[in-house]
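FYI, it's all coordinate maths here, none of it is from the lab. Note that the structure is predicted; figures quoted are calculated from it, not measured. Here Cβ is always computed from backbone atoms with ideal geometry, including for glycine, and neighbour counts include all displayed protein chains.
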Ligand SMILES: NC(=O)c1ccc[n+]([C@@H]2O[C@H](COP(=O)([O-])OP(=O)(O)OC[C@H]3O[C@@H](n4cnc5c(N)ncnc54)[C@H](OP(=O)(O)O)[C@@H]3O)[C@@H](O)[C@H]2O)c1
């Protein structure tokens, strides 16, 4: 494999909690969905390869219920990146962590049936009741009183030894971590497309204007054809 600019990524881990980053692709007009979903055209094959390289540096990768219902695949790395992880002392595949309140997940989707490690489902007591029995058997279901970002990283750290967590959306999950000031880095792919539709979503979607971070520092910029790969360090 050719050397990828994110292959030797290093980051400063906070002392008292896991390091949290987010990776998303947006159109030039700032949308992460097109007509309600993220089509394959939003992000090139190189961007999808980059997703794997970024995942290769994290203990766990997290996605919200809507994202996983639309893209029901394990949030893992291709097998050629497993040695890279093992050399860094990480498990060969990251843990997949899914957030759901409804418990509306499909046990027959490949995120469960082809999982290299049992996914972790973070939900409420009500959500757990609605999860199919097969998911209780195939995954670790964690019932939380209030699955807010601080409780999520605390649980993942204490129970599963997660020291680095990668968020892969969607926008409502991203918003909650930004609102909780629990985002250390943002990996952003700027894809040369225009979406325009009012109802399509931006990178974070919530009810309030977010607190401005103390600083947002652009750590690196890479160009690959007409896409830009930006990496930001966020300090709150
Ligand atoms: N361009 C990109 O890089 C990118 C990346 C990822 C996703 N996307 C797109 O983003 C869209 C989905 O985004 P979204 O904002 O609508 O949804 P989302 O963030 O993927 O998922 C929201 C859902 O996650 C669960 N959830 C969120 N916070 C929770 C919490 N604190 N506790 C328990 N469960 C929680 C709930 O699931 P339940 O409904 O099951 O209760 C909630 O409805 C999709 O179209 C996807 O394709 C784009």
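The table for this structure:
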read-out	value
Global geometry of region 152-193, whether rounded, prolate or oblate, following the gyration tensor of its Cα atoms and the 1.5 cut on a/c	prolate
Antiparallel DSSP beta bridges within the chain, as percent of all bridges there, nearest 5	40 percent
Value of [θ]222 nm, deg cm²/dmol, for the chain, DSSP H segments ≥ 4, -39500 (n - 2.57) each, nearest 500	-6500 deg cm²/dmol
Relative contact order computed over the chain (Cα-Cα under 8 Å; 6+ residues apart), in percent	27 percent
Three-way shape label, the chain, alpha-carbon gyration tensor, a/c 1.5	rounded
Cα shape, region 41-166, gyration tensor, a/c 1.5 rule	prolate
Among 204-212, 177-185, 59-67, the order from most to least packed when residues are scored by Cβ within 10 Å on average	59-67, 177-185, 204-212
Over region 184-236, relative contact order from alpha-carbon pairs under 8 Å, at least 6 apart, %	52 percent
Extension reserve of the residue 181-residue 207 stretch, reckoned as 0.36 nm per residue once the Cα distance is removed	7.8 nm
Separation of the residue 159 and residue 87 label points, Cα + 7 Å toward Cβ, nm	3.4 nm
